[in-house]
Structures are given as structure tokens and as C-alpha cells.
Amino acid sequence: MQFTKMHGCGNDYILVNEEDVRGYDYEKISRMMSDRKNGIGADGLIIAGHSDCADIRMYMFNSDGSRGRMCGNGIRLLAKYAFERKLSIKKVMNIETDSGIKRIRLYFKGTKVSNVQVNMGRPETDAYKIPVRTDMKQIIDREALFGGRRYRITCVSMGNPHTVIFTEDVDKISLDEEGKIIENDSLFPDRTNVIFAQVIDAGKLRMRVWERGSGITLACGTGACAALYAGYITGRCGNEGDVVMPGGTLRVRFDEDLGVIYLYGDAHEVFTGEYTGMEV
């Protein structure tokens, strides 16, 4: 099976063409290929598929095999993968995801795609749609209890659920402990991504993330969007800024007129190879 290892802000994925994986159990191969000891090693698997309504289809799986509806870093990688392999020759393309069609603009360094802008769509704060198990319409800067600790949380969906918690110093968070507890709390019927964010100024945030289905990752594109939007609606920051994560920095802008979020960031190819660890 031919594969390509890629990353955006250190958030790494294995990309394959749908034609090369037909007949495989996608959840199983995501678990096996993503394994950092016995596989290639990645935060998950992205499959480039055929779409009847867009230029290409994204199927995304976390490292634990669970399906992801959307991935802000992953979709940038898929756009680079598709263009450089001529699956699409458009510099502005539409990519179908489980959370709708996303419009992509490519930026180049020479002939190679270096950066990608994504129209991430409208952020969702309706608790039922995120989903959050509550009688409240929205969870915005509300107190919640997880593992005996009190937090103030804001819940946002960017095609996948996020719980944003603002803190004075993200480095002091026990992310492996607190992230796991919050992700799997009964408040979240589909689990949640856990975002700890620190406001540096009106146009800059620091962020650490525990991703649903993957654990600690170096970056999260949808999480960066959720963090900035949560900061914006709670008056902590402006509508545009840099979100700094351990793996790098993403630029996020909430268009107040259109009500959509734009994400801009890097896309890198690491290596290609042939995976022989699976049989159909």
C-alpha cells in the first residue's frame, strides 16, 4: 500500500489514495499505521476519495480508529496531496468532508504547495448540535465540574466538538490527565476535543490540545478556530489572530460579516513509502 506521511504544525497524518485501500477496514488500518512503535506513526489516517459534489473527498480517522468529521490540519494536507499528485489541478478547490464542503485556496513556494487557506464554515454553539448533554441552549463561559475540579468552559463545534478552557498559563496544565477526563465525561455524548487556551493579547493566543481519539497532539486546526472564536465571543480577544501551539502557529480569522472562520497554515510532506503490514 502506497502512503505519504505529512504534517501541518506538527499534527501528522498518513495520506493514502482511496484506490489503494479498497477492501480494507479503514478503522483497523488507521490504528495499525498510526502506531508509533509498530507502524508508521501518526495522529491519524486521511483517505483521498472520489466526490460527486466536490473536487475530492476527505475520509479522516483518528489514531484510535475512530472516524473524524473534520480536521483543520488534515484538510490542508489533503489539498497539497491532491494537487501535487494531480488528483485535482485547481488552486482553489472544494473538498467534501463529513461536516460539509470546505473551500480551499492554495499558496505556493515554487511549484510546491507551502500554505493553505481553508474556509472552515460557521462555528456552532448550539449545545444540541455540538453535542453537549444539557438543558441549556449554549455553553459559553459556564462552570463545569470534571474529575472533582471546577472549570469555566465554552463549547464550540467546528464540524467536530471542542471544549475550550481559558487559563493563565497553559504550561501548568496536566494535559494527559485532565484532557482524558474531560474528553470522556458524560456531558459529551460523542466525546470532545479539549482545548486549553491562554490569551497573550487581543491578536494572539497560546494553546495546548487533547484531541478526541488521538490524545496529546502538537497542533489542532479546528481547535485553533474554536479557541479564537471562544475568545472572541467571551470578549477575551479580537476576531483575528495567531494561535501558537507546540507544533507551530496558525492564523485564524472570524469574518464578522459572513459569520465564517478562515484558517491559514502550513502543509509539509515528510516522506513516502509502501506499507506492507496489512493483508486484506
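Filter region 101-143 for residues that are among the acidic types (D, E) and assigned to a loop (DSSP other than H, G, I, E, B); which is most open to solvent (accessible area, probe 1.4 Å)?
Restricting to residues being among the acidic types (D, E) and assigned to a loop (DSSP other than H, G, I, E, B), the top hit is D135.
Among residues belonging to region 81-100 that are touching a Lys or Arg at 6+ places or on another chain (Cβ under 8 Å) and assigned to a helix (DSSP H, G or I), point out the one that is nearest to V252 (Cα to Cα).
Top of the filtered list is F83.
Scanning region 223-278 for residues that are more than 24 Å from K80 (Cβ to Cβ) and among the hydroxyl-bearing types (S, T, Y), which turns out most open to solvent (accessible area, probe 1.4 Å)?
Per the criteria, the residue is T276.
When you scan region 247-280, how many residues do you find that are part of a loop (DSSP other than H, G, I, E, B) and free of Cβ contacts under 8 Å to residues at least 40 places away in the same chain?
The total comes to 4.
Of the residues L218, L187, which is in contact (Cβ under 8 Å) with a residue 24 or more places away in the chain, open to solvent by 30 Å² or more (accessible area, probe 1.4 Å) and closer than 25 Å to D126 by Cα? Quick ask: steps written out before the conclusion?
Working: L218 fails: closer than 25 Å to D126 by Cα.
Answer to the check: L187.
Out of curiosity, is D176 under 17 Å from N62 (Cβ atoms), of a type in the set (D, E, K, R), out of contact with any helix residue (DSSP H, G or I) (no Cβ under 8 Å at 6 or more places or on another chain) and not in a helix (DSSP H, G or I)?
When the stated conditions are applied, D176 does not pass them.
Hey, does region 149-168 have a residue that's assigned to a strand (DSSP E or B), in contact (Cβ under 8 Å) with a residue 12 or more places away in the chain and surrounded by fewer than 14 Cβ atoms within 10 Å (Cβ to Cβ)?
yes
Answer yes or no as to whether Y13 is within 19 Å of the chain's Cα centre (by Cα), among the hydroxyl-bearing types (S, T, Y) and under 23 Å from M245 (Cα atoms). Let's see the steps before the verdict.
On the way: within 19 Å of the chain's Cα centre (by Cα): yes; among the hydroxyl-bearing types (S, T, Y): yes; under 23 Å from M245 (Cα atoms): yes.
It is true that Y13 is within 19 Å of the chain's Cα centre (by Cα), among the hydroxyl-bearing types (S, T, Y) and under 23 Å from M245 (Cα atoms).
Could we say that A230 is outside any helix (DSSP H, G or I) and of a type in the set (A, V, I, L, M) here?
no
For region 63-79, name all the residues that are open to solvent by 10 Å² or more (accessible area, probe 1.4 Å) and either farther than 30 Å from W210 by Cα or outside any loop (DSSP other than H, G, I, E, B) (or both).
R67 - this is the single residue of region 63-79 that is open to solvent by 10 Å² or more (accessible area, probe 1.4 Å) and either farther than 30 Å from W210 by Cα or outside any loop (DSSP other than H, G, I, E, B) (or both).
Among the residues of region 36-49, what is the count of those that are over 19 Å from W210 (Cβ atoms) and within 19 Å of the chain's Cα centre (by Cα)?
Residues meeting the conditions: 5.
Looking at region 197-211, is at least one residue part of a helix (DSSP H, G or I), at pLDDT 95 or above and out of contact with any His (no Cβ under 9 Å at 6 or more places or on another chain)?
No, region 197-211 has no match at all.
Determine, yes or no, whether L187 is touching a Lys or Arg at 6+ places or on another chain (Cβ under 9 Å) and in a loop (DSSP other than H, G, I, E, B).
In short, yes.
Among the residues of region 179-196, count how many are closer than 20 Å to T234 by Cβ and touching a Gly at 6+ places or on another chain (Cβ under 7 Å).
So the answer is 3.
The values are calculated or read from the model by the stated rules, or taken from the named source; none is laboratory data. Please read these numbers as outputs of a predicted model, since none were measured by experiment. So basically every Cβ, Gly included, is an ideal-geometry build from the backbone, and we count neighbours across all protein chains shown. Surface areas here come from the heavy atoms of the whole protein model, side chains and all, with no ligands, DNA or RNA. Shrake-Rupley method; radii C 1.70, N 1.55, O 1.52, S 1.80 Å.
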